[in-house]
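Please read the structure below before turning to the comments.
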Amino acid sequence: MAALQKIRSKSGLLVGIIAVGLLAFVFPWGEVGTFINKMRDKAFVVDGTVVTTKEYSDKIAEWESFQKIMSNQNSLDEFTTSQIREMAYQQMVKEKMLDEEADKLGLAVTSEELNDMVYGNTVAPILYQIPFFVNPETRQFDKAYLMQFLSDINQDPGALQEPARSEIMARRQIWAFIQNMMKYQRLEEKYASLVAGSVLVSDTEAKAAYEDSKNVANIAYAVQRYTTMTDSTVQVSDKEIKDLYDLRKNNYKLDTELRKVSYFIKDVIPSDEDYAAIEEEMNKAYEKLKTSDNTAAVLSEYSSNYVDAFMAVSGLPADAKNFVQSASVNDIYGPVREGQSYIMYKLMDRTNAADSIKLQIIPLPQGLDAKTSAHIADSLQAVIKGGKDFGTVADEVLPGSNGGELGWVNEMMLASAGIAKECFAAAKGQVLKLNISGQTQLVRIADKTNPVPKVKLAVIEMPVIISDKTQNGIDNELNQFVSENGNLDNFDEAAQAKGYGIMSNAVISPSEMALGQATGTRQVIHWAFNEKVGSVKKFDMSDKRVVAIVKKEITGDYMPVSEVASALKQELLNDKKAEKMIADLKSKNISSLDAYAQAMGGKVDTVNFVTFQTNNLSGVGFEPMMNVYSKLAQVNKLEGPVKGKAGVYVMDVTSKTEDNKEFNEEQTKQTLKQSSFYQLMSQAVAVLKNKMKVEDNRVRFW
């Protein structure tokens, strides 16, 4: 009975457990998980519109494909890929913002406008940057090439054979990409022009601008710079720093969260032992190269190919050029260390001959058997011997071949085809019947350069490979450092004591592609924004190791006062130094500029052609105080001492001219509006981005 009573007292709990168990069977947890993941899948958000990681990845792939085609590359390096990620993001954000704002304002880019940007008198600026539309001879945009491109992509793919069909479809995708860029470029221009055009210039502004530009002054001055007084001579309190921060707080508004990290980079380079191993191997190669009659076999043993072709001495590297100028055939240079490798040359032969030749070819169709190609070549050669121009025959065989011109080539360029000796031995104008890749081809020596000194070189070059032992030693050293000093208290000091180039308290944003200029370090930034404060990690890259610690999370709407305190303190120190310097100079009752210069420990300098609107003064920089005195000061009247940006100044306006041109209000207004128009246009989209909430979450994923 007691057991039964105990069960009854717990019946509520048991029922709850059973209910939860049943719920686990019938509730669609898979759908809930999918929903949660979907809610988290936000690469970035623009004014509430979510862009998923897939959408972003698809856009990156589109940009990468475009870049590969434009640069004629099959792959992209890490730096280019990082740039593309950022460009794709910026473009997607811009498109989302402009779509929303244009819809409110009734702005659009019509198909007629797009056509006019292609077929009209003024084409879209982006078209000037596309290689497909560049004339190879002038290297300038040529509308004829644009028209030819459009004509090609408008062909019916179904009527074409491969690979022409795939080429047309790929070019259609490129054109769609270009058209999209054209559309948003024009839409941005319209929006920016609308914003900039809404700003008016008042009568007061026009009059003030006229008055400010009338006076042009030449100023003699002496300066006592703040750096000449030690910081310890004045005191700044924390309250003063906080008060200045509060006054400037809007200057420190944050658009995104930040992280503060400390890190150091250790380059993975070969050890002395690694260099010694390769040097020993090169010494063995030297003995073989010196005694062997089969140089090509020796080179192949060390993964080097002997190219049986002459090279112009003038085109050789400096060390090889110096060697061959005094060496005899079979002499050897090296082995010597050059950077992270060892190199050795053997002089095989020398001659005087043409450095380059200009070739023409009559390209026969691919796929012909040797007998057929030889028969056709013999027939064509007979036609040419009968007096027909070689270039004319080439154009008849392959229309558009530009007379079969291959341009200028040297022996090294022809060596792989096995025709270098025959071509360079032939006379100018001679037509050769050559076997190229199993087919007979007709090649003409169109021209030859004058003879120059040339040599044949056998070259063995061995890179110094970083051994596993060296890499393991570096990794063990850094792993030990992390285990002993991987905490907020010790990291920076310990790294400095070890001689590592520590970057302390670096502030990074989630959009940065690398730590400073260190390529391949985006992964460190990704890690820092996804780990807690105090986290430490060693990152392994092919050419370096990075050890980093997360020092602080910087979140909120504004940069904390602690992060800007040092700059604010320096400004306050300069203000107090100025007060002290001015009081000290005034107490001396100095009456001349030369005497002031002597008291300041400096000299008298001059700056000319200063107006109220001059932003950068020659030899001075940005000193608004001088702009004011150029307008208000009297000629030959000593002014100062007064506080400036860089120090305390005493000035004498030595001369002043005034423009007596009559005030034209409308012209002045137009000039001011024009000068501000382009500035406002450039800022319009940036201001729109600040207005719309853009949430960048990419660092969570990449």
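Residue by residue, here is whether (1) surrounded by 16 or more Cβ atoms within 10 Å (Cβ to Cβ); (2) closer than 26 Å to Arg186 by Cβ holds:
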site	(1), (2)
Val46	yes, yes
Thr52	no, no
Glu55	no, yes
Asp58	no, yes
Ser65	no, yes
Asn72	no, no
Thr81	yes, no
Gln90	no, yes
Val93	yes, yes
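Which residues, taken from segment 540-577, are surrounded by 17 or more Cβ atoms within 10 Å (Cβ to Cβ) and of a type in the set (S, T, N, Q)?
Across segment 540-577, the qualifying residue is only Asn574.
Step by step: first the residues of segment 227-246, then only those that are farther than 14 Å from Met581 by Cβ and surrounded by fewer than 11 Cβ atoms within 10 Å (Cβ to Cβ), then the one that is nearest to the chain's Cα centre (by Cα). Which residue is that? Walk me through how you get there before you give the answer.
The first filter runs over segment 227-246 and keeps only residues farther than 14 Å from Met581 by Cβ, leaving 232, 235-246.
Right, trim to surrounded by fewer than 11 Cβ atoms within 10 Å (Cβ to Cβ) and you get 232, 235, 237-239, 246.
Values: Ser232: 43, Gln235: 44, Ser237: 43, Asp238: 41, Lys239: 43, Asp246: 37 Å.
Out of the qualifying residues, it is Asp246.
Yes or no, residue by residue, for (1) closer than 17 Å to Ala277 by Cα; (2) at pLDDT 95 or above; (3) in a loop (DSSP other than H, G, I, E, B):
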site: Ala458; (1), (2), (3): no, no, no
site: Glu461; (1), (2), (3): yes, no, no
site: Ile465; (1), (2), (3): yes, no, yes
site: Thr470; (1), (2), (3): yes, yes, no
site: Asn476; (1), (2), (3): no, yes, no
site: Gln480; (1), (2), (3): no, yes, no
site: Asn487; (1), (2), (3): no, no, yes
site: Asp492; (1), (2), (3): no, yes, no
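Given the residues Ala208, Ala192, which is the only one that is assigned to a helix (DSSP H, G or I), touching a helix residue (DSSP H, G or I) at 6+ places or on another chain (Cβ under 7 Å) and under 30 Å from Thr668 (Cβ atoms)?
On the way: Ala208 fails: touching a helix residue (DSSP H, G or I) at 6+ places or on another chain (Cβ under 7 Å).
Just one listed residue meets the conditions, Ala192.
Counting just the residues of segment 413-460 that are charged (D, E, K, R) and farther than 28 Å from Ser303 by Cα, which one comes out surrounded by the most Cβ atoms within 10 Å (Cβ to Cβ)?
Keep residues of segment 413-460 that are charged (D, E, K, R), which gives 421-422, 428, 433, 444, 447-448, 454, 456.
Next cut, farther than 28 Å from Ser303 by Cα only: 428, 433, 444, 447-448.
Values: Lys428: 12, Lys433: 14, Arg444: 26, Asp447: 14, Lys448: 19.
Among those residues, the one meeting the criterion is Arg444.
State which residue is farthest from Ala548 (Cα to Cα) when the search covers only segment 247-266 and only residues that are of a type in the set (S, T, N, Q) and surrounded by 13 or more Cβ atoms within 10 Å (Cβ to Cβ). Before you say what the answer is, go through the steps one by one.
In the first step, residues of segment 247-266 are kept if they are of a type in the set (S, T, N, Q); the result is 250-251, 256, 262.
Now drop any that are not surrounded by 13 or more Cβ atoms within 10 Å (Cβ to Cβ), which leaves 256, 262.
Numbers: Thr256: 21, Ser262: 6 Å.
Restricting to residues being of a type in the set (S, T, N, Q) and surrounded by 13 or more Cβ atoms within 10 Å (Cβ to Cβ), the top hit is Thr256.
Looking at Ala277, is it hydrophobic (A, V, I, L, M, F, W, C), surrounded by 12 or more Cβ atoms within 10 Å (Cβ to Cβ) and in the same structural domain as Asn330 (by TED's automatic domain parsing)? Before you say what the answer is, go through the steps one by one.
Working: hydrophobic (A, V, I, L, M, F, W, C): yes; surrounded by 12 or more Cβ atoms within 10 Å (Cβ to Cβ): yes; in the same structural domain as Asn330 (by TED's automatic domain parsing): yes.
Yes, satisfied.
Taking Ala192 as the residue in question, decide whether it is in the same structural domain as Val118 (by TED's automatic domain parsing) and buried (at least 17 other Cβ atoms within 10 Å of the Cβ). Show your work before the answer.
Values: in the same structural domain as Val118 (by TED's automatic domain parsing): yes; buried (at least 17 other Cβ atoms within 10 Å of the Cβ): yes.
It is true that Ala192 is in the same structural domain as Val118 (by TED's automatic domain parsing) and buried (at least 17 other Cβ atoms within 10 Å of the Cβ).
Taking the residues in segment 632-666 that are assigned to a strand (DSSP E or B) and among the basic types (Lys, Arg) as candidates, determine which candidate is modelled with the highest pLDDT. Can you show your working first?
Restricting attention to segment 632-666, the residues satisfying the condition of being assigned to a strand (DSSP E or B) are 635, 638-643, 647-658.
From what's left, among the basic types (Lys, Arg): 643, 656.
Values: Lys643: 95, Lys656: 87.
Looking at the filtered set, the residue picked out is Lys643.
Could you check Asn589 against (1) under 47 Å from the mean Cα position of the chain (by Cα); (2) free of Cβ contacts under 8 Å to residues at least 12 places away in the same chain and say which number it fails?
It fails just one condition, (1).
How do the pairs read when you match residues in segment 117-131 that are more than 16 Å from Met147 (Cβ to Cβ) and assigned by TED's automatic domain parsing to the domain that holds Met70 with residues anywhere that are of a type in the set (A, V, I, L, M, F, W, C) and at pLDDT 90 or above, using Cβ under 7 Å and keeping only pairs 6 or more apart or on different chains?
These pairs meet every condition: Ile126/Ile178; Ile126/Met181; Ile126/Met182.
What number of residues within segment 82-112 are farther than 21 Å from Lys42 by Cα and free of Cβ contacts under 8 Å to residues at least 60 places away in the same chain?
The initial filter retains those residues of segment 82-112 that are farther than 21 Å from Lys42 by Cα, namely 101-112.
Then keep just the ones that are free of Cβ contacts under 8 Å to residues at least 60 places away in the same chain; that gives 103-104, 106, 110-112.
Total meeting the criteria: 6.
Quick one: in segment 290-314, of everything that is surrounded by 16 or more Cβ atoms within 10 Å (Cβ to Cβ) and farther than 14 Å from Asp349 by Cα, which residue is nearest to the chain's Cα centre (by Cα)?
Checking each candidate, the answer is Ser304.
Identify the single condition in (1) surrounded by 16 or more Cβ atoms within 10 Å (Cβ to Cβ); (2) in contact (Cβ under 8 Å) with a residue 12 or more places away in the chain that Asn485 does not satisfy, given that it satisfies every other one.
(2)
Restricting attention to helices (runs of 4 or more DSSP H) lying wholly within segment 67-173, give those where 1 or more residues are among the basic types (Lys, Arg). Before you say what the answer is, go through the steps one by one.
On the way: elements: 78-105, 111-119, 143-153.
Once the helices (runs of 4 or more DSSP H) in segment 67-173 are filtered for at least 1 residues that are among the basic types (Lys, Arg), what remains is 78-105, 143-153.
Going by what's in this entry, would Tyr263 be described as touching a residue at least 12 places away in the same chain (Cβ under 8 Å), assigned by TED's automatic domain parsing to the domain that holds Ser542 and either hydroxyl-bearing (Ser, Thr, Tyr) or farther than 30 Å from Glu531 by Cα (or both)? So that I can check it myself, show each step before the final result.
Working: touching a residue at least 12 places away in the same chain (Cβ under 8 Å): yes; assigned by TED's automatic domain parsing to the domain that holds Ser542: yes; either hydroxyl-bearing (Ser, Thr, Tyr) or farther than 30 Å from Glu531 by Cα (or both): yes.
The answer is yes for Tyr263.
Filter segment 168-189 down to the residues that are surrounded by 14 or more Cβ atoms within 10 Å (Cβ to Cβ) and touching a Pro at 6+ places or on another chain (Cβ under 8 Å) and list them by number.
Ile168, Gln185
Out of (1) of a type in the set (Asp, Glu); (2) under 21 Å from Val464 (Cα atoms); (3) more than 39 Å from the chain's Cα centre (by Cα), what's the single condition that is false for Asp331?
Of everything listed in (1) of a type in the set (Asp, Glu); (2) under 21 Å from Val464 (Cα atoms); (3) more than 39 Å from the chain's Cα centre (by Cα), Asp331 misses just condition (2).
Of the residues that sit in segment 662-698 and are basic (Lys, Arg) and in contact (Cβ under 8 Å) with a residue 40 or more places away in the chain, which one is farthest from Ala222 (Cα to Cα)? Reasoning before the result, please.
Of all residues in segment 662-698, those basic (Lys, Arg) come to 669, 673, 689, 691, 693, 698.
If we keep only those that are in contact (Cβ under 8 Å) with a residue 40 or more places away in the chain as well, we get 669, 673, 689, 693, 698.
On the way: Lys669: 38, Lys673: 38, Lys689: 45, Lys693: 49, Arg698: 53 Å.
Here the residue is Arg698.
Please work out which residue is farthest from Ile241 (Cα to Cα), limiting yourself to segment 535-562 and to residues that are without any contact (Cβ under 8 Å) to a residue 60 or more places away in the chain and not aliphatic (A, V, I, L, M).
Phe539
Test Gly429 against the stated conditions and say whether it is under 38 Å from the mean Cα position of the chain (by Cα) and farther than 30 Å from Lys346 by Cβ.
On the way: under 38 Å from the mean Cα position of the chain (by Cα): no; farther than 30 Å from Lys346 by Cβ: yes.
In short, no.
When you check Asn615 against the structure, is it farther than 11 Å from Val650 by Cβ and in contact with a Phe, Trp or Tyr (Cβ under 6 Å, 6 or more places away or on another chain), yes or no?
Working: farther than 11 Å from Val650 by Cβ: yes; in contact with a Phe, Trp or Tyr (Cβ under 6 Å, 6 or more places away or on another chain): no.
It is false that Asn615 is farther than 11 Å from Val650 by Cβ and in contact with a Phe, Trp or Tyr (Cβ under 6 Å, 6 or more places away or on another chain).
Looking for something in a strand (DSSP E or B), over 30 Å from Tyr306 (Cβ atoms) and charged (D, E, K, R) - is there at least one such residue anywhere in segment 384-394? Spell out the reasoning first.
Here is the first cut: in segment 384-394, the residues in a strand (DSSP E or B) are none.
No.
Can you tell me which of Val642, Val607 is among the β-branched types (Val, Ile, Thr), buried (at least 19 other Cβ atoms within 10 Å of the Cβ) and touching a residue at least 12 places away in the same chain (Cβ under 8 Å)?
Numbers: Val642 fails: buried (at least 19 other Cβ atoms within 10 Å of the Cβ).
The match here is Val607.
Can you name the number of the only condition in (1) closer than 30 Å to Ile445 by Cα; (2) assigned to a strand (DSSP E or B); (3) not hydroxyl-bearing (Ser, Thr, Tyr) that Ala374 fails?
(2)
Yes or no: Ile278 among the β-branched types (Val, Ile, Thr) and outside any helix (DSSP H, G or I)?
On the way: among the β-branched types (Val, Ile, Thr): yes; outside any helix (DSSP H, G or I): no.
The answer is no for Ile278.
Mind checking which residues of segment 315-331 are outside any loop (DSSP other than H, G, I, E, B) and crowded, with 17+ Cβ neighbours inside 10 Å? Steps first, please.
Here is the first cut: in segment 315-331, the residues outside any loop (DSSP other than H, G, I, E, B) are 315, 318-326.
Selection gives Ala320, Phe323, Val324.
Determine which member of the set Ala124, Ala170, Ala164, Ala159 is over 24 Å from Glu189 (Cβ atoms) and at pLDDT 85 or above. Lay out the reasoning, then the answer.
Details: Ala124 fails: over 24 Å from Glu189 (Cβ atoms); Ala164 fails: at pLDDT 85 or above; Ala159 fails: at pLDDT 85 or above.
Exactly one of Ala124, Ala170, Ala164, Ala159 is over 24 Å from Glu189 (Cβ atoms) and at pLDDT 85 or above, namely Ala170.
The values are calculated or read from the model by the stated rules, or taken from the named source; none is laboratory data. Keep in mind it's a predicted model, so treat the numbers as computed, not measured. Note: ideal-geometry Cβ built from the backbone for every residue, glycine included; neighbour counts use all protein chains shown.
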